[in-house]
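Every number here is computed from the coordinates shown, using simple stated rules; none is lab data. Fair warning: this is a prediction, and the values are worked out from it, not measured in the lab. Every residue, glycine as well, gets a Cβ built from its backbone with ideal geometry; the counts of neighbours run over all protein chains shown.
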There are 2 protein chains.
Amino acid sequence: MQSGGGRASATLLSNDKIATEGGVADGKSEQKPTTPVSPLSLETINPKVIKAEYAVRGEIVIRAQTLQQELISKPGSLPFDEIIYCNIGNPQSLGQLPITFFREVIALCDHPDLLKKPETHALFSSDAISRASQIIDKIPGRTTGAYSHSQGIKVCRDDIAAGIAARDGYPSNSDDIYITDGASPGVHMMMQMLLSSEKDGILCPIPQYPLYSASIALHGGTLVPYYLNESSGWGLEMNELKKQLQAARDAGTSVRALVVINPGNPTGQVLSEENQQDVVRFCMKEGLVLLADEVYQHNVYAEGKKFNSFKKVARSMGLEEKDVIIVSYQSVSKGYYGECGRRGGYMEVTGFPEDVKGQLYKLASVNLCSNVSGQILMSLVMNPPKVGDKSYEQFARERDAILSSLARRAKMMSEAMNKLEGVSCNAAEGAMYVFPRLHLPERAVKAAKAVDMVADVFYTRRLLDATGIVMVPGSGFRQVPGTWHFRCTILPAEEKLPGVIKRLTTFHQKFMDEFRD
Amino acid sequence: MQSGGGRASATLLSNDKIATEGGVADGKSEQKPTTPVSPLSLETINPKVIKAEYAVRGEIVIRAQTLQQELISKPGSLPFDEIIYCNIGNPQSLGQLPITFFREVIALCDHPDLLKKPETHALFSSDAISRASQIIDKIPGRTTGAYSHSQGIKVCRDDIAAGIAARDGYPSNSDDIYITDGASPGVHMMMQMLLSSEKDGILCPIPQYPLYSASIALHGGTLVPYYLNESSGWGLEMNELKKQLQAARDAGTSVRALVVINPGNPTGQVLSEENQQDVVRFCMKEGLVLLADEVYQHNVYAEGKKFNSFKKVARSMGLEEKDVIIVSYQSVSKGYYGECGRRGGYMEVTGFPEDVKGQLYKLASVNLCSNVSGQILMSLVMNPPKVGDKSYEQFARERDAILSSLARRAKMMSEAMNKLEGVSCNAAEGAMYVFPRLHLPERAVKAAKAVDMVADVFYTRRLLDATGIVMVPGSGFRQVPGTWHFRCTILPAEEKLPGVIKRLTTFHQKFMDEFRD
């Protein structure tokens, strides 16, 4: 293939000739020959890119991919025969099945010719067929192959808004919905809007999901940390918020927004309604945009805990749109659906002045629109089959099986962590992770330093090399200096989890035996 | 719904109470009550966002959407009964049908349960079934619902690389492929890498596709214009490139890259191989990254013209990867496929130093991955059915019908434009647009100024209000100062095109009658 198609007529120049000839083709250049400048190097690219870090897919994961290749090319060469990816909330990669109804509707919308054919009824449920028909009928041009409205197809936004209203008991307006390719692009858009320079800051929980630190770094702003209190179950404490806001202001930072992740990532706590009310008041009083990461809204496992959206909390306090600015993020990637690869998400934007909304619309327009299949899936997630629908029983069975298994796994994981020597772990009340604290022996910290590694990176690297289990070191999420953690998803299949825990336990014991002070 | 679900237990506070109470929930705040700062206004958001413009979905289009609502709410109130969107390259919104084989494979991959069922053979072609099976078998975890590798699923990148190699006759490496949600995110990634401040510049053709000006503005760099020569069919002239580079350097701008759009958007020219060789030499000599927008590679209509990728041209000159840095963009949105809503695209990145590649990988990772359905579609576009495949005949028939109709429409459009008084129009050799020059009477320019409008905005706004035809004013793409243009897609259905041309012609004649000097 190399040479077969090369055009014989092309001018063939040696590199030397190119490097020394004075001008370009027309020969009229007056510049002297110069050594070509190297157009790209770490010194010349945007330093903000270099500063950004994203540990969830960082060095440990890159090493895991290398080991996975070794397992294929040299079977038996490693002390394990499988890499278990506990680094990322990616349920279907670990065997979770998609919700059948969702996939039926998406497939039908992808190939709407099927809707006309009688044979389709042998393969698809009748309500999937009618739902797909309803959606297609309402898409302008009846096609899923056209760019949509920049905020997303109207019928999808209508269904999302209806789902929010049903969830909260307060109205939602489809004009406030911006459908995005997963939640991340919406976070980037807000950071782009809010951050003009490093003088602009965003209050972020620590530990935090590294999308936030990465996005703030990429957009050149300042991350203003507020620490969650590990000893009160990763509590979000108002005194801490106020203290950090004041410190940032004293340092000349203009704090623009507060990020709250509820249920927490990587920390798994579910906020109480009272706590949320305090947060809303704080944002109002201090003139902060509330960026509410609510992508784990369907992942609540702890008895007596319940997800409340920040918008619902604000409305139930009697606050109206003009009183407080809330951006709520949701995604098809989490919940019981776990459709990470489909890249659907939305943000509900309330309280924006009209002219700023215009700017947000323009930003959305530059990216044309999010993928239509993900848009449809997002609308299905917010408007799933209802009692009485043909697919409801199967849908509810699939959903409940996943959620109850996740709840059991969350419990199993945190219990197992608490049994490890020198490890303490808060319960995962929600979300998909445990984030245990590692009380590492001094000798382990020194051994890490000796090989120029952060101590929790050293631990997770050792774990990977010994067991094939991939976790993310706590330093990737930031943590109270001098403390060490790791994040582990609760997502390995339930029947595999005891084996994973056993491998981890055995590794951990050996590690402690090696380094115990 | 408003009140039904509101929690009776929630604290209800009047706005007054909130505005005057001193602290947040714990009551320990020492700050005095302050009037809440307005967190968001045009004065406080990122000025780069305000600076960015995107005319393809700008004011004319927003007005068109308003008129469309009026057509529904007050039928008969406007002098037309339909809005015809000629503003954007969105073929399926104007009735173009998708390629059946592509949609079959995507639907099967979305709902792979179908692959096991015998009834599926009644609804899908056998090679679509086998292609979907091959893809699913090669996806880790056999699922399209998981986050993929940050650059895209390996099997999709392999198919894309094989397609590039077959197209060019030179090898392509799947490690160089970054699959993205359409081409736009890849452009943003490159701008993010290359632009640290306004001292960094990017050479862009004028007229240009406004994604480039918007992305450069958003990332805070400087657009360094080079003017295409309208009188030589929008020729890309080396003297102009050199002159503008020198001028930018003299002004202290560090020029990092050269954007070339081939076939041109909005200008429709197809570059000759000799011209491309000159461009490659120029980039080498001057140390510029060549950003090659090649999304219209399948849209070439002019006799004797042929698309050559810049990478192929460079390789046929004997240049290797280390000699020149080329980023080639492709998309599922254009060509004969026109799958804009699916958001698939890729960039092939060659010549990057390893450490900079690492930074690019990290940037891709922060966004997790592009949508899997779009990834699969992109791989199908680059590796479509071959002669002998069961679907080949239907595929080729559908493809050729679309391409030959586009060629006829391109010709019809430019001929019609050239018949208008005071309008001259280069042929659309490729892509999806005509970009005619409007020689506006002085009185029209003055009339526009009197209502504080740019003259070509005035013209397209009048056109919209009179006919329902939506075009983009040339100023949205930039143009030689003092000249006026508009961009019109060639995409209205072939049977509708004469009617569109007639409406335009009638409007234009009246417009000229009104303003003729």
* Exam field: B:A493 pseudo-label spacings to other copies (7 Å along Cα-Cβ), nanometres -> 4.9
* Can you list the lysines whose alpha carbon sits under 17 Å from that of B:K305, skipping same-chain ones fewer than 8 residues off? -> B:K411
* To do: Nearest 5 is fine: what % of DSSP beta bridges in chain B come out antiparallel, could you say?
  => 50
* Asked: What's log10 of I(q)/I(0) for the protein assembly as shown at q = 0.08, 0.09 Å⁻¹, Debye sum over Cα points only, no solvent?
  -> -0.83, -1.07
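Other chains' Cβ within 10 Å of B:85-97 residues: what's the mean?
Details: counts 4, 0, 0, 3, 1, 8, 3, 7, 8, 3, 4, 4, 3.
Across B:85-97, the average partner-chain Cβ count within 10 Å equals 4.
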* Along chain A, longest interval not containing exposed trypsin sites (Lys or Arg not before Pro), exposed being DSSP loop plus at most 16 other Cβ atoms within 10 Å -> A:29-198
* Every other copy gets compared here: list the nm distances from the B:E393 label point (7 Å along Cα to Cβ) to its counterparts, shortest first, one decimal. => 4.6
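Note down the magnitude of the dipole of the stretch B:109-164 about its Cα centre, charges +1 on Lys and Arg C-beta and -1 on Asp and Glu C-beta and zero elsewhere, to the nearest 20 debye.
Roughly 160 debye, rounded to the nearest 20.
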* Normalised convex hull volume, chain A, alpha-carbon set, Å³ per residue -> 241
* Derived scalar couplings ³J(HN,Hα) [the stretch A:169-181; Karplus, 6.51 cos²θ - 1.76 cosθ + 1.60; whole Hz; x for Gly, Pro] -> x, 10, x, 9, 10, 5, 5, 8, 8, 10, 7, 9, 6
* Asked: Could you give, in nm with one decimal, how far B:P353 is from each other copy of that position, shortest first, with labels 7 Å out from Cα toward Cβ?
  -> 4.5
* Asked: Reachable aspartates and glutamates from B:K386, Cα under 12 Å, same-chain residues fewer than 8 places away excluded?
  -> B:D127
* Asked: Over the Cα atoms of the stretch A:147-382, Rg to Rh with Kirkwood Rh, two decimal places?
  -> 0.94
